[in-house]
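Asks: Before I ask anything, here is the structure I am working with.
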Amino acid sequence: MTSNVIRPADIRDVAVIGLGLMGSGIAELVARSGRRVVAIEISQSFLDQGMARLRASLDKAVTRGKLTDTAREEILARIRPVHDIAAGVADADLVIEAIPERMELKRTLYAELDQACRADAILATNTSSLSITEIAGGTRHPARVAGLHFFNPAPVMKLVEVISTVLTSPDTAEALALVARDLGKTPVQVSDRAGFIVNALLFPYLNHAVRLLETAQATREDIDKAAAVGLGLPMGPLTLLDLIGLDTSLAILEVLQAEFGGTRYAPAPLLRKLCDARLFGRKSGRGFYDYRHSTPATTAEDHDLVSAPVPGEVALIKDQDGLLDELASQITAAGISVLPQPSPETGLIIVAADPKHRVLDAALAVGHPADVVGIYFTGTGDGKPGLAELVLPDVTAAATRAKAVALAARLGLHAVTSPDRPGFLTEALAFAQFNDAVRMVQEGFASPADIDTAMMLGCGYPRGPLQMLDDAGPANVVTVLEAMHTTTGDPAFTPVPLLAEYATAGTRFRS
Ligand code: NAD
(Lines give C-alpha, C1' and ligand atoms only; values in the text may rest on other atoms or scores of the structure.)
Protein backbone atom coordinates (compact mmCIF):
# COMPACT_ATOMS: atom_id res chain seq x y z
CA MET A 1 0.00 0.00 0.00
CA THR A 2 1.44 3.38 -0.94
CA SER A 3 1.17 6.27 1.43
CA ASN A 4 0.36 9.78 0.32
CA VAL A 5 1.53 11.40 3.54
CA ILE A 6 2.39 15.02 3.02
CA ARG A 7 5.85 15.65 4.49
CA PRO A 8 6.47 18.71 6.67
CA ALA A 9 8.71 20.11 3.93
CA ASP A 10 5.68 20.14 1.60
CA ILE A 11 3.81 22.44 3.98
CA ARG A 12 5.27 25.86 3.20
CA ASP A 13 2.20 28.09 3.23
CA VAL A 14 0.00 28.09 6.31
CA ALA A 15 -3.12 30.17 6.92
CA VAL A 16 -4.00 30.83 10.57
CA ILE A 17 -7.58 31.98 11.01
CA GLY A 18 -8.43 33.94 14.16
CA LEU A 19 -5.55 35.88 15.66
CA GLY A 20 -6.78 35.80 19.26
CA LEU A 21 -5.04 34.33 22.27
CA MET A 22 -4.31 31.01 20.56
CA GLY A 23 -4.11 32.03 16.90
CA SER A 24 -1.47 34.71 17.49
CA GLY A 25 0.71 32.18 19.30
CA ILE A 26 0.19 29.57 16.59
CA ALA A 27 1.02 32.09 13.83
CA GLU A 28 4.22 33.03 15.68
CA LEU A 29 5.19 29.39 16.11
CA VAL A 30 4.61 28.54 12.44
CA ALA A 31 6.47 31.63 11.20
CA ARG A 32 9.38 30.79 13.51
CA SER A 33 9.64 27.42 11.73
CA GLY A 34 10.47 29.26 8.48
CA ARG A 35 7.05 28.85 6.85
CA ARG A 36 5.02 31.63 5.25
CA VAL A 37 1.95 32.52 7.30
CA VAL A 38 -1.22 34.31 6.25
CA ALA A 39 -2.78 35.63 9.46
CA ILE A 40 -6.52 36.14 9.01
CA GLU A 41 -8.96 38.11 11.14
CA ILE A 42 -12.49 39.39 10.69
CA SER A 43 -11.56 43.07 10.68
CA GLN A 44 -8.55 45.37 10.48
CA SER A 45 -8.85 46.28 14.16
CA PHE A 46 -8.79 42.61 15.30
CA LEU A 47 -5.91 42.03 12.92
CA ASP A 48 -4.02 44.94 14.50
CA GLN A 49 -4.71 43.62 17.99
CA GLY A 50 -3.59 40.11 17.05
CA MET A 51 -0.41 41.34 15.34
CA ALA A 52 0.33 43.55 18.36
CA ARG A 53 0.06 40.50 20.63
CA LEU A 54 2.33 38.52 18.33
CA ARG A 55 4.89 41.35 18.15
CA ALA A 56 4.84 41.71 21.95
CA SER A 57 5.60 38.01 22.31
CA LEU A 58 8.55 38.27 19.88
CA ASP A 59 9.79 41.44 21.62
CA LYS A 60 9.76 39.58 24.93
CA ALA A 61 11.89 36.82 23.36
CA VAL A 62 14.35 39.47 22.11
CA THR A 63 14.51 41.15 25.55
CA ARG A 64 15.23 37.80 27.15
CA GLY A 65 18.03 37.17 24.68
CA LYS A 66 16.28 34.19 23.11
CA LEU A 67 15.84 35.82 19.70
CA THR A 68 17.94 38.32 17.78
CA ASP A 69 16.52 41.54 16.32
CA THR A 70 17.24 40.22 12.86
CA ALA A 71 15.44 36.94 13.50
CA ARG A 72 12.41 38.85 14.83
CA GLU A 73 12.26 40.93 11.65
CA GLU A 74 12.60 37.82 9.47
CA ILE A 75 9.77 36.09 11.36
CA LEU A 76 7.53 39.16 11.01
CA ALA A 77 8.37 39.42 7.29
CA ARG A 78 7.01 35.89 6.80
CA ILE A 79 3.60 36.85 8.26
CA ARG A 80 1.07 38.48 5.96
CA PRO A 81 -1.93 39.87 7.87
CA VAL A 82 -5.17 39.92 5.85
CA HIS A 83 -8.89 40.17 6.52
CA ASP A 84 -10.14 38.60 3.31
CA ILE A 85 -10.52 34.91 4.12
CA ALA A 86 -10.98 33.67 0.54
CA ALA A 87 -7.86 35.44 -0.73
CA GLY A 88 -5.90 34.49 2.38
CA VAL A 89 -6.43 30.73 2.19
CA ALA A 90 -6.27 30.27 -1.60
CA ASP A 91 -2.64 29.10 -1.70
CA ALA A 92 -2.47 27.46 1.74
CA ASP A 93 -1.13 23.93 2.13
CA LEU A 94 -2.49 23.93 5.69
CA VAL A 95 -5.18 26.02 7.37
CA ILE A 96 -5.21 26.21 11.16
CA GLU A 97 -8.48 27.60 12.52
CA ALA A 98 -8.54 29.25 15.95
CA ILE A 99 -11.79 31.25 15.96
CA PRO A 100 -14.10 31.33 19.01
CA GLU A 101 -15.49 28.09 20.42
CA ARG A 102 -18.94 28.29 18.80
CA MET A 103 -20.19 25.60 16.44
CA GLU A 104 -22.25 27.92 14.24
CA LEU A 105 -19.21 30.18 13.67
CA LYS A 106 -16.97 27.24 12.84
CA ARG A 107 -19.49 25.64 10.47
CA THR A 108 -20.02 28.90 8.57
CA LEU A 109 -16.27 29.33 8.27
CA TYR A 110 -15.68 25.77 7.06
CA ALA A 111 -18.38 26.20 4.38
CA GLU A 112 -16.44 29.22 3.16
CA LEU A 113 -13.11 27.34 3.32
CA ASP A 114 -14.66 24.57 1.24
CA GLN A 115 -15.05 26.99 -1.64
CA ALA A 116 -11.86 28.96 -1.16
CA CYS A 117 -9.16 26.38 -0.30
CA ARG A 118 -7.26 24.09 -2.63
CA ALA A 119 -8.85 20.63 -2.70
CA ASP A 120 -5.65 19.13 -1.27
CA ALA A 121 -5.27 21.61 1.60
CA ILE A 122 -5.42 20.21 5.13
CA LEU A 123 -7.91 21.96 7.43
CA ALA A 124 -7.10 21.75 11.15
CA THR A 125 -9.20 23.10 13.99
CA ASN A 126 -7.80 24.11 17.37
CA THR A 127 -11.15 23.49 19.11
CA SER A 128 -10.91 22.37 22.74
CA SER A 129 -14.31 20.80 23.09
CA LEU A 130 -16.49 20.92 19.97
CA SER A 131 -17.15 17.84 17.84
CA ILE A 132 -14.60 17.87 15.03
CA THR A 133 -16.72 15.25 13.29
CA GLU A 134 -19.59 17.73 13.18
CA ILE A 135 -17.28 20.45 11.83
CA ALA A 136 -15.87 18.08 9.18
CA GLY A 137 -19.24 16.56 8.29
CA GLY A 138 -20.35 19.75 6.56
CA THR A 139 -17.32 19.96 4.26
CA ARG A 140 -16.67 18.49 0.83
CA HIS A 141 -13.33 16.91 1.78
CA PRO A 142 -13.79 15.66 5.35
CA ALA A 143 -10.84 13.27 4.93
CA ARG A 144 -8.58 16.33 5.13
CA VAL A 145 -10.18 17.82 8.26
CA ALA A 146 -8.72 17.04 11.70
CA GLY A 147 -8.06 18.57 15.09
CA LEU A 148 -4.74 20.17 15.97
CA HIS A 149 -5.12 21.10 19.62
CA PHE A 150 -2.39 23.41 20.91
CA PHE A 151 -2.04 24.43 24.54
CA ASN A 152 -1.76 27.94 25.85
CA PRO A 153 0.71 29.62 25.30
CA ALA A 154 1.14 27.87 21.96
CA PRO A 155 4.80 28.86 21.35
CA VAL A 156 5.79 27.43 24.76
CA MET A 157 3.67 24.38 25.56
CA LYS A 158 5.14 21.25 24.05
CA LEU A 159 2.01 19.15 23.62
CA VAL A 160 -0.22 19.01 20.55
CA GLU A 161 -3.18 16.64 20.39
CA VAL A 162 -3.81 15.48 16.81
CA ILE A 163 -7.43 14.41 16.55
CA SER A 164 -8.90 12.21 13.82
CA THR A 165 -12.61 11.90 13.14
CA VAL A 166 -14.04 8.75 11.57
CA LEU A 167 -13.75 10.63 8.26
CA THR A 168 -10.14 11.84 8.62
CA SER A 169 -7.68 9.98 6.40
CA PRO A 170 -4.72 8.38 8.17
CA ASP A 171 -2.45 10.38 5.84
CA THR A 172 -3.92 13.65 7.09
CA ALA A 173 -3.43 12.69 10.73
CA GLU A 174 0.10 11.50 10.01
CA ALA A 175 0.96 14.71 8.14
CA LEU A 176 -0.29 16.83 11.05
CA ALA A 177 1.70 14.78 13.57
CA LEU A 178 4.83 15.24 11.44
CA VAL A 179 4.23 18.99 11.11
CA ALA A 180 3.68 19.25 14.87
CA ARG A 181 7.04 17.54 15.42
CA ASP A 182 8.65 19.86 12.91
CA LEU A 183 7.29 22.79 14.96
CA GLY A 184 9.15 21.39 17.97
CA LYS A 185 6.06 19.85 19.57
CA THR A 186 5.28 16.37 20.82
CA PRO A 187 2.11 15.13 19.15
CA VAL A 188 -0.25 12.52 20.58
CA GLN A 189 -2.81 11.06 18.20
CA VAL A 190 -6.34 10.36 19.38
CA SER A 191 -9.82 10.00 17.96
CA ASP A 192 -12.55 12.62 18.22
CA ARG A 193 -13.95 12.24 21.72
CA ALA A 194 -14.97 15.00 24.13
CA GLY A 195 -12.00 16.43 26.01
CA PHE A 196 -9.47 14.39 23.98
CA ILE A 197 -6.87 13.20 26.52
CA VAL A 198 -5.92 16.21 28.60
CA ASN A 199 -9.23 17.91 29.26
CA ALA A 200 -11.03 14.60 29.77
CA LEU A 201 -8.60 13.79 32.59
CA LEU A 202 -8.01 17.26 33.97
CA PHE A 203 -11.57 18.55 34.37
CA PRO A 204 -13.09 15.72 36.43
CA TYR A 205 -10.12 16.06 38.78
CA LEU A 206 -10.70 19.83 39.06
CA ASN A 207 -14.41 19.19 39.62
CA HIS A 208 -13.57 16.67 42.36
CA ALA A 209 -11.50 19.34 44.11
CA VAL A 210 -14.49 21.72 44.05
CA ARG A 211 -16.66 18.98 45.57
CA LEU A 212 -14.12 18.47 48.38
CA LEU A 213 -14.32 22.20 49.08
CA GLU A 214 -18.09 22.50 48.94
CA THR A 215 -18.59 19.48 51.20
CA ALA A 216 -16.28 21.08 53.79
CA GLN A 217 -13.66 18.32 53.57
CA ALA A 218 -10.83 20.81 53.42
CA THR A 219 -10.00 24.47 52.97
CA ARG A 220 -9.18 25.80 49.51
CA GLU A 221 -5.55 26.33 50.60
CA ASP A 222 -5.23 22.75 51.87
CA ILE A 223 -6.75 21.28 48.72
CA ASP A 224 -4.29 23.25 46.60
CA LYS A 225 -1.35 22.41 48.86
CA ALA A 226 -2.23 18.68 48.76
CA ALA A 227 -1.94 18.68 44.95
CA ALA A 228 1.05 21.00 44.67
CA VAL A 229 3.18 19.50 47.47
CA GLY A 230 1.74 15.98 47.76
CA LEU A 231 1.61 15.30 44.01
CA GLY A 232 4.22 17.81 42.83
CA LEU A 233 1.81 19.48 40.36
CA PRO A 234 2.67 23.01 39.19
CA MET A 235 -0.33 24.44 41.07
CA GLY A 236 -3.35 23.30 43.03
CA PRO A 237 -6.69 22.57 41.31
CA LEU A 238 -8.59 25.60 42.64
CA THR A 239 -5.80 27.98 41.63
CA LEU A 240 -5.77 26.32 38.21
CA LEU A 241 -9.54 26.68 37.84
CA ASP A 242 -9.21 30.39 38.62
CA LEU A 243 -6.53 30.64 35.94
CA ILE A 244 -8.46 28.77 33.25
CA GLY A 245 -11.66 30.67 34.07
CA LEU A 246 -14.61 29.15 35.91
CA ASP A 247 -17.01 29.85 33.02
CA THR A 248 -14.73 28.08 30.52
CA SER A 249 -14.30 25.20 32.97
CA LEU A 250 -18.05 24.88 33.48
CA ALA A 251 -18.61 24.81 29.71
CA ILE A 252 -15.99 22.07 29.24
CA LEU A 253 -17.50 19.97 32.05
CA GLU A 254 -20.93 20.33 30.44
CA VAL A 255 -19.56 19.01 27.13
CA LEU A 256 -17.92 16.08 28.93
CA GLN A 257 -21.08 15.41 30.92
CA ALA A 258 -23.20 15.41 27.75
CA GLU A 259 -20.88 12.89 26.11
CA PHE A 260 -20.07 10.55 28.99
CA GLY A 261 -22.72 11.10 31.71
CA GLY A 262 -21.89 9.88 35.23
CA THR A 263 -20.94 11.78 38.34
CA ARG A 264 -17.31 12.66 37.53
CA TYR A 265 -18.29 15.30 34.97
CA ALA A 266 -21.52 16.63 36.50
CA PRO A 267 -20.38 20.17 37.41
CA ALA A 268 -20.08 20.71 41.17
CA PRO A 269 -22.93 23.02 42.30
CA LEU A 270 -20.40 25.46 43.79
CA LEU A 271 -18.72 25.89 40.39
CA ARG A 272 -22.06 26.78 38.84
CA LYS A 273 -22.90 29.17 41.68
CA LEU A 274 -19.60 31.03 41.34
CA CYS A 275 -20.31 31.39 37.62
CA ASP A 276 -23.85 32.63 38.35
CA ALA A 277 -22.25 35.21 40.66
CA ARG A 278 -19.91 36.14 37.76
CA LEU A 279 -16.88 35.20 39.84
CA PHE A 280 -14.97 33.70 36.93
CA GLY A 281 -11.51 33.56 38.51
CA ARG A 282 -8.45 35.66 37.80
CA LYS A 283 -9.92 37.39 34.75
CA SER A 284 -12.82 38.83 36.80
CA GLY A 285 -10.72 39.53 39.91
CA ARG A 286 -12.29 36.82 42.03
CA GLY A 287 -13.07 33.11 41.87
CA PHE A 288 -12.06 30.61 44.53
CA TYR A 289 -9.50 33.22 45.57
CA ASP A 290 -9.70 36.99 45.62
CA TYR A 291 -7.17 38.67 43.29
CA ARG A 292 -8.21 42.23 44.04
CA HIS A 293 -5.70 42.43 46.92
CA SER A 294 -2.01 41.76 46.57
CA THR A 295 -1.77 39.33 49.49
CA PRO A 296 -4.29 36.51 49.79
CA ALA A 297 -6.53 36.95 52.81
CA THR A 298 -6.04 34.35 55.56
CA THR A 299 -9.08 33.43 57.57
CA ALA A 300 -9.36 34.10 61.31
CA GLU A 301 -9.62 30.34 61.74
CA ASP A 302 -6.24 29.78 60.02
CA HIS A 303 -4.68 32.33 62.32
CA ASP A 304 -6.18 30.79 65.49
CA LEU A 305 -4.96 27.34 64.50
CA VAL A 306 -1.36 28.28 63.79
CA SER A 307 -1.13 30.56 66.83
CA ALA A 308 -2.41 27.88 69.26
CA PRO A 309 0.20 26.91 71.89
CA VAL A 310 2.56 24.09 70.91
CA PRO A 311 2.08 21.19 73.36
CA GLY A 312 4.91 20.45 75.80
CA GLU A 313 4.57 16.72 75.26
CA VAL A 314 3.23 14.50 72.51
CA ALA A 315 2.40 10.81 72.59
CA LEU A 316 3.58 9.05 69.45
CA ILE A 317 2.15 5.57 69.01
CA LYS A 318 4.84 3.43 67.35
CA ASP A 319 3.94 1.78 64.08
CA GLN A 320 5.47 -1.44 62.79
CA ASP A 321 6.98 0.18 59.70
CA GLY A 322 8.75 2.90 61.62
CA LEU A 323 6.89 5.59 59.63
CA LEU A 324 6.92 7.96 62.59
CA ASP A 325 10.57 7.50 63.64
CA GLU A 326 11.77 10.58 61.78
CA LEU A 327 8.87 12.62 63.14
CA ALA A 328 9.80 11.51 66.67
CA SER A 329 13.36 12.80 66.12
CA GLN A 330 12.06 16.10 64.74
CA ILE A 331 9.73 16.61 67.71
CA THR A 332 12.49 15.81 70.18
CA ALA A 333 14.87 18.15 68.37
CA ALA A 334 12.26 20.90 68.79
CA GLY A 335 12.48 20.44 72.59
CA ILE A 336 9.13 18.68 72.93
CA SER A 337 8.86 15.45 74.93
CA VAL A 338 7.84 12.36 73.00
CA LEU A 339 6.02 9.69 75.00
CA PRO A 340 5.41 6.14 73.75
CA GLN A 341 2.00 6.11 75.45
CA PRO A 342 -0.24 9.01 76.52
CA SER A 343 -0.20 10.18 80.14
CA PRO A 344 -3.40 11.71 81.61
CA GLU A 345 -1.94 15.17 80.77
CA THR A 346 -1.07 14.42 77.12
CA GLY A 347 -3.35 16.51 74.95
CA LEU A 348 -2.05 15.26 71.61
CA ILE A 349 -1.65 11.65 70.52
CA ILE A 350 -0.28 10.98 67.05
CA VAL A 351 -0.79 7.72 65.19
CA ALA A 352 0.44 6.70 61.73
CA ALA A 353 -2.46 7.06 59.30
CA ASP A 354 -3.00 4.80 56.32
CA PRO A 355 -5.31 6.06 53.53
CA LYS A 356 -6.75 2.54 53.24
CA HIS A 357 -7.96 2.41 56.85
CA ARG A 358 -9.84 4.67 59.21
CA VAL A 359 -7.80 6.54 61.78
CA LEU A 360 -10.87 6.24 64.00
CA ASP A 361 -10.14 2.58 64.73
CA ALA A 362 -6.60 3.41 65.85
CA ALA A 363 -7.97 6.33 67.89
CA LEU A 364 -10.45 4.08 69.69
CA ALA A 365 -7.71 1.51 70.33
CA VAL A 366 -5.54 4.17 71.99
CA GLY A 367 -8.37 4.95 74.39
CA HIS A 368 -8.51 8.77 74.14
CA PRO A 369 -10.11 9.26 70.74
CA ALA A 370 -10.71 13.01 71.20
CA ASP A 371 -6.95 13.56 71.58
CA VAL A 372 -5.87 11.56 68.52
CA VAL A 373 -4.63 12.86 65.18
CA GLY A 374 -3.41 10.61 62.37
CA ILE A 375 -0.43 11.69 60.29
CA TYR A 376 0.34 10.54 56.77
CA PHE A 377 3.42 11.59 54.86
CA THR A 378 3.24 11.73 51.12
CA GLY A 379 5.48 13.21 48.48
CA THR A 380 6.87 12.94 45.01
CA GLY A 381 10.03 11.06 46.00
CA ASP A 382 12.20 13.62 44.20
CA GLY A 383 13.99 14.80 47.33
CA LYS A 384 11.68 17.80 47.84
CA PRO A 385 10.00 18.07 51.26
CA GLY A 386 6.78 16.08 51.22
CA LEU A 387 3.35 16.75 52.60
CA ALA A 388 2.09 15.87 56.07
CA GLU A 389 -1.64 15.15 56.07
CA LEU A 390 -3.06 15.60 59.57
CA VAL A 391 -6.04 13.27 59.58
CA LEU A 392 -8.90 14.07 61.89
CA PRO A 393 -11.60 11.58 62.76
CA ASP A 394 -14.87 13.37 63.55
CA VAL A 395 -14.34 12.58 67.25
CA THR A 396 -11.07 14.55 67.38
CA ALA A 397 -11.49 17.62 69.59
CA ALA A 398 -11.02 21.08 68.06
CA ALA A 399 -8.31 21.79 70.66
CA THR A 400 -6.41 18.66 69.58
CA ARG A 401 -6.56 19.76 65.98
CA ALA A 402 -5.22 23.19 66.95
CA LYS A 403 -2.31 21.58 68.82
CA ALA A 404 -1.46 19.33 65.87
CA VAL A 405 -1.50 22.28 63.45
CA ALA A 406 0.66 24.36 65.80
CA LEU A 407 3.10 21.45 66.20
CA ALA A 408 3.36 20.99 62.41
CA ALA A 409 4.02 24.73 62.02
CA ARG A 410 6.73 24.59 64.72
CA LEU A 411 8.39 21.65 62.94
CA GLY A 412 8.21 23.47 59.60
CA LEU A 413 6.16 20.71 57.97
CA HIS A 414 4.08 21.32 54.84
CA ALA A 415 0.85 20.26 56.52
CA VAL A 416 -2.80 20.05 55.56
CA THR A 417 -5.73 18.80 57.58
CA SER A 418 -8.01 16.16 56.14
CA PRO A 419 -11.09 14.41 57.46
CA ASP A 420 -10.80 10.69 58.15
CA ARG A 421 -12.06 9.61 54.74
CA PRO A 422 -10.43 7.02 52.46
CA GLY A 423 -7.52 8.46 50.50
CA PHE A 424 -7.49 11.57 52.71
CA LEU A 425 -6.92 14.57 50.39
CA THR A 426 -3.99 13.76 48.12
CA GLU A 427 -4.75 10.19 47.25
CA ALA A 428 -8.49 10.78 46.96
CA LEU A 429 -7.82 13.41 44.28
CA ALA A 430 -5.05 11.51 42.53
CA PHE A 431 -6.37 7.97 42.62
CA ALA A 432 -9.74 8.97 41.18
CA GLN A 433 -7.86 10.53 38.25
CA PHE A 434 -5.71 7.41 37.85
CA ASN A 435 -8.94 5.41 37.56
CA ASP A 436 -10.15 7.77 34.80
CA ALA A 437 -6.80 7.33 33.01
CA VAL A 438 -7.05 3.53 33.18
CA ARG A 439 -10.60 3.74 31.83
CA MET A 440 -9.17 5.60 28.81
CA VAL A 441 -6.64 2.79 28.25
CA GLN A 442 -9.32 0.13 28.76
CA GLU A 443 -11.55 1.78 26.15
CA GLY A 444 -8.68 1.78 23.66
CA PHE A 445 -8.74 5.56 23.44
CA ALA A 446 -5.09 6.21 24.26
CA SER A 447 -2.02 4.26 25.29
CA PRO A 448 -0.52 4.61 28.78
CA ALA A 449 2.55 6.27 27.25
CA ASP A 450 0.47 8.83 25.33
CA ILE A 451 -1.64 9.61 28.40
CA ASP A 452 1.47 10.21 30.49
CA THR A 453 3.09 12.33 27.76
CA ALA A 454 -0.09 14.38 27.36
CA MET A 455 -0.45 15.13 31.07
CA MET A 456 3.26 15.90 31.51
CA LEU A 457 3.51 18.21 28.51
CA GLY A 458 -0.02 19.62 28.60
CA CYS A 459 -0.37 20.13 32.36
CA GLY A 460 3.19 20.11 33.70
CA TYR A 461 2.83 16.87 35.65
CA PRO A 462 6.26 15.73 36.91
CA ARG A 463 5.23 12.13 36.16
CA GLY A 464 2.23 10.99 34.16
CA PRO A 465 -0.80 9.57 35.99
CA LEU A 466 -0.08 5.99 34.93
CA GLN A 467 3.53 6.23 36.06
CA MET A 468 2.29 7.64 39.37
CA LEU A 469 -0.22 4.79 39.57
CA ASP A 470 2.55 2.23 39.06
CA ASP A 471 4.65 3.95 41.70
CA ALA A 472 1.75 3.94 44.18
CA GLY A 473 1.04 0.26 43.37
CA PRO A 474 -2.14 -0.73 41.49
CA ALA A 475 -3.28 -2.97 44.38
CA ASN A 476 -2.95 -0.08 46.82
CA VAL A 477 -4.87 2.23 44.47
CA VAL A 478 -7.66 -0.34 44.09
CA THR A 479 -8.05 -0.71 47.86
CA VAL A 480 -8.31 3.05 48.38
CA LEU A 481 -10.77 3.46 45.48
CA GLU A 482 -12.95 0.64 46.81
CA ALA A 483 -13.00 2.31 50.22
CA MET A 484 -13.89 5.65 48.56
CA HIS A 485 -16.72 3.94 46.72
CA THR A 486 -18.02 2.32 49.90
CA THR A 487 -17.87 5.56 51.88
CA THR A 488 -19.36 7.88 49.27
CA GLY A 489 -21.60 5.47 47.37
CA ASP A 490 -20.31 7.15 44.19
CA PRO A 491 -19.94 4.51 41.45
CA ALA A 492 -17.32 6.70 39.71
CA PHE A 493 -14.79 5.54 42.32
CA THR A 494 -15.29 1.84 41.54
CA PRO A 495 -11.94 0.63 40.18
CA VAL A 496 -12.34 0.01 36.45
CA PRO A 497 -11.96 -3.68 35.50
CA LEU A 498 -8.57 -3.21 33.84
CA LEU A 499 -7.16 -1.62 36.99
CA ALA A 500 -8.61 -4.37 39.18
CA GLU A 501 -7.10 -6.97 36.85
CA TYR A 502 -3.65 -5.37 36.83
CA ALA A 503 -3.77 -5.10 40.62
CA THR A 504 -4.55 -8.81 40.94
CA ALA A 505 -1.94 -9.84 38.38
CA GLY A 506 0.70 -7.46 39.74
CA THR A 507 1.08 -5.91 36.27
CA ARG A 508 2.34 -2.39 35.68
CA PHE A 509 0.98 0.10 33.15
CA ARG A 510 4.39 1.53 32.25
CA SER A 511 7.12 -1.05 32.08
P1 NAD B 1 -10.05 34.32 21.19
O2 NAD B 1 -11.43 34.81 21.41
O3 NAD B 1 -8.92 34.88 21.97
O4 NAD B 1 -9.67 34.49 19.64
C5 NAD B 1 -10.54 34.18 18.59
C6 NAD B 1 -10.28 35.19 17.45
O7 NAD B 1 -10.97 34.75 16.31
C8 NAD B 1 -10.77 36.59 17.77
O9 NAD B 1 -9.70 37.49 17.65
C10 NAD B 1 -11.86 36.84 16.73
O11 NAD B 1 -11.89 38.17 16.25
C12 NAD B 1 -11.44 35.90 15.62
N13 NAD B 1 -12.55 35.48 14.75
C14 NAD B 1 -13.83 35.26 15.03
N15 NAD B 1 -14.50 34.84 13.94
C16 NAD B 1 -13.62 34.81 12.93
C17 NAD B 1 -13.68 34.47 11.57
N18 NAD B 1 -14.81 34.04 11.02
N19 NAD B 1 -12.56 34.60 10.83
C20 NAD B 1 -11.41 35.01 11.37
N21 NAD B 1 -11.28 35.34 12.67
C22 NAD B 1 -12.36 35.22 13.45
O23 NAD B 1 -10.14 32.73 21.39
P24 NAD B 1 -8.96 31.71 21.76
O25 NAD B 1 -8.88 31.56 23.23
O26 NAD B 1 -7.75 32.04 20.97
O27 NAD B 1 -9.60 30.34 21.22
C28 NAD B 1 -9.64 30.03 19.86
C29 NAD B 1 -9.87 28.54 19.71
O30 NAD B 1 -8.81 27.84 20.35
C31 NAD B 1 -11.16 28.02 20.33
O32 NAD B 1 -11.67 26.99 19.53
C33 NAD B 1 -10.70 27.49 21.68
O34 NAD B 1 -11.52 26.49 22.19
C35 NAD B 1 -9.34 26.94 21.32
N36 NAD B 1 -8.37 26.83 22.43
C37 NAD B 1 -8.27 27.80 23.38
C38 NAD B 1 -7.32 27.66 24.40
C39 NAD B 1 -7.16 28.73 25.46
O40 NAD B 1 -6.46 28.48 26.47
N41 NAD B 1 -7.72 29.90 25.28
C42 NAD B 1 -6.48 26.54 24.45
C43 NAD B 1 -6.60 25.57 23.44
C44 NAD B 1 -7.55 25.71 22.44
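The values are calculated or read from the model by the stated rules, or taken from the named source; none is laboratory data. Everything numeric here is computed off the predicted structure, so don't read it as measured data. Neighbour counts run over all protein chains shown; Cβ positions are idealised from the backbone, glycine included. Heavy atoms of the whole protein, side chains included, go into the accessibility calculation; ligands, DNA and RNA do not. Shrake-Rupley method; radii C 1.70, N 1.55, O 1.52, S 1.80 Å.
Asks: What figure, in Å² to the nearest 10, do you get for the accessible area of Leu387 with a 1.4 Å probe and non-protein molecules left out?
Replies: Accessible surface of Leu387 is approximately 0 Å².
Asks: Sort 225-233, 337-345 for me by packing, meaning the mean count of neighbouring Cβ atoms within 10 Å per residue, highest on top. Don't jump to the answer; show the numbers that get you there.
Replies: Numbers: 225-233: 22.7, 337-345: 11.9.
Top to bottom by mean Cβ count within 10 Å: 225-233, 337-345.
Asks: Using only the alpha-carbon atoms, how far is helix 198-214 inclined from the longest principal axis of the chain? Give it as 0 to 90 degrees, nearest 10.
Replies: 40 degrees
Asks: Right, here's the next one. Show which lysines lie in cross-link reach of Lys273 when reach means a straight Cα distance below 19 angstrom and same-chain residues fewer than eight apart are skipped.
Replies: Cross-link targets: Lys283.
Asks: Additional query: Give, rounded to the nearest 20 debye, the magnitude of the charge dipole that region 98-235 has about its Cα centre when Lys and Arg contribute +1 at Cβ and Asp and Glu contribute -1 at Cβ.
Replies: Working: 13 positive and 15 negative charges, 15 e Å.
Computed charge dipole of region 98-235: roughly 80 debye.
Asks: Cut-off under 27 Å on the C-alpha distance; same-chain residues fewer than 8 positions from Lys356 excluded. Which lysines are left, in chain and number order?
Replies: The reachable lysines, counting only those whose Cα sits under 27 Å from Lys356, are Lys225, Lys318, Lys384, Lys403.
Asks: Which value in nm describes the separation of the simple spin-label points at Gln49 and Thr488, placed 7 Å from the Cα toward the beta carbon?
Replies: Taking the simple label geometry, Gln49 and Thr488 are separated by 3.9 nm.
Asks: Oh, and also: What 222 nm value per residue comes from the helices of the chain, counting each DSSP H run with n ≥ 4 as -39,500 (n - 2.57) and dividing by all residues, nearest 500 deg cm²/dmol? Each step should come with its number before you reach the end.
Replies: Numbers: 21 runs with 232 residues, N = 511.
Estimated from H runs of four or more residues: -14000 deg cm²/dmol.
Asks: Might you work out the accessible area of Lys185 for me, using a 1.4 Å probe with all protein chains in place, and round it to the nearest 10 Å²?
Replies: Accessible area of Lys185: about 10 Å².
Asks: What do you reckon, how do Asp319, Asp91 stack up by accessible area (1.4 Å probe), largest on top? Please report the intermediate quantities before stating the final value.
Replies: Details: Asp319 35, Asp91 105 Å².
Largest to smallest exposure gives the sequence Asp91, Asp319.
Asks: Which of the lysines could be linked to Lys60 by a straight reach, that is with a Cα gap under 20 Å, when you skip same-chain ones fewer than 8 residues away?
Replies: Within the straight-line cut-off, Lys60 pairs with Lys158.
Asks: Please report the antiparallel percentage of DSSP beta bridges with both residues in the chain, rounded to the nearest 5. Intermediate results must be reported in sequence, preceding the final value.
Replies: Numbers: 11 of 52 bridges.
Counting only bridges with both partners in the chain, antiparallel ones make up about 20 percent.
Asks: Within the chain, what whole-number % of the accessible surface is contributed by carbon and sulfur, with the 1.4 Å probe and all protein chains included in the calculation?
Replies: So the carbon and sulfur contribution to the accessible surface is 54 percent.
Asks: Oh, and also: Quick one: how many Å² of Arg463 are accessible to a 1.4 Å probe, rounded to 10?
Replies: My reading of the accessible area for Arg463 is about 60 Å².
Asks: Spin-label point model (7 Å from Cα, Cβ direction): what's the Met235 to Ala216 distance in nm?
Replies: 2.9 nm
Asks: With N set to the residue count of the chain, report its C-alpha Rg divided by 2.2 N^0.38 Å to two decimal places.
Replies: Values: Rg = 26.3 Å, N = 511, 2.2 N^0.38 = 23.5 Å.
So the Cα radius of gyration is 1.12 times the expected 2.2 N^0.38 Å.
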